Amino acid sequence: LFPGAQIFKYDYLNDDIPFLSDQKILGLKHIMPQQLVNDLSNKDLTWIILINPPYATSQVAGNSSESKKDVSKTAIRDLMHAEGFGETSRELFSQFIYRINLEFKHNNAFLAMFSKLKYLNSNNDQVIRDKIFNYSFSNGFIFNSLNFQGVKAPFPIGFLIWNLSSKIKLENQEIIVDILDDCGDKIGKKEILTTERTNFLNKWIK
């Protein structure tokens, strides 16, 4: 489909991290192909970032959640710690979002992402919403997680598209997605609500 395309192995949470800082880098060479480095500096390009980020974390309460010791010890986590992201920096999902924001915040880019919906409304992800994820919602749909091989419990999976060039707080947006059945047919619509965590019931009820 893409004759001449270059395929390369890359650790997005560890490779080329020094180049994301504002400091001048001497004597280091990018791991990613030079043409891609050049393209990332081209403000005339429009980017589509398609990801299915992992949700592993280095410490999760309970026995049913996915937890892998030291899985989140990355160069990106160190940057997030330094900026006060706290416990959310232990989640690989948050680390991917953090680097994408660093790398594309000055580009015309769209993020199309398969994921759980917790980044929109969970307590721990409030810091991500405050500091990074204030992109404009474009479109999306949700479906049953059991359509993925190996998933044993049903929960909603979203494929949501975000305009990284347009900034607006999630709480001020109307996020309405299509609901798909197991055949991929539209069977309805769902509004996904985002609320600042200080308004959560367990934060103010006595």
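Derivation of every value follows stated rules applied to the coordinates shown; laboratory data play no part. Because the structure is a prediction, the values reported are computed rather than measured. Because the Cβ atoms are built from the backbone with ideal geometry, glycine has one as well, and the counts that use them run over all protein chains shown.
Okay, here's what the table says:
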item: Point-to-point label distance, residue 206-residue 2, nm (Cα→Cβ direction, 7 Å offset); result: 5.9 nm
item: Packing rank of 172-180, 148-156, where each peptide gets the mean count of other beta carbons within 10 Å, highest leading; result: 172-180, 148-156
item: Compactness of the stretch 149-195 - radius of gyration and Dmax, Cα, Å; result: 13.5, 37
item: Kirkwood Rh and Cα Rg combined as Rg/Rh, the chain; result: 0.97
item: Cross-link reach list, lysines versus residue 43, counting only Cα pairs under 26 Å and skipping chain neighbours closer than eight places; result: 9, 24, 29, 105, 131, 167, 169
item: Selected from 153, 141, 204, residue furthest toward positive end of dipole (the stretch 138-206; charges at beta carbon); result: 204
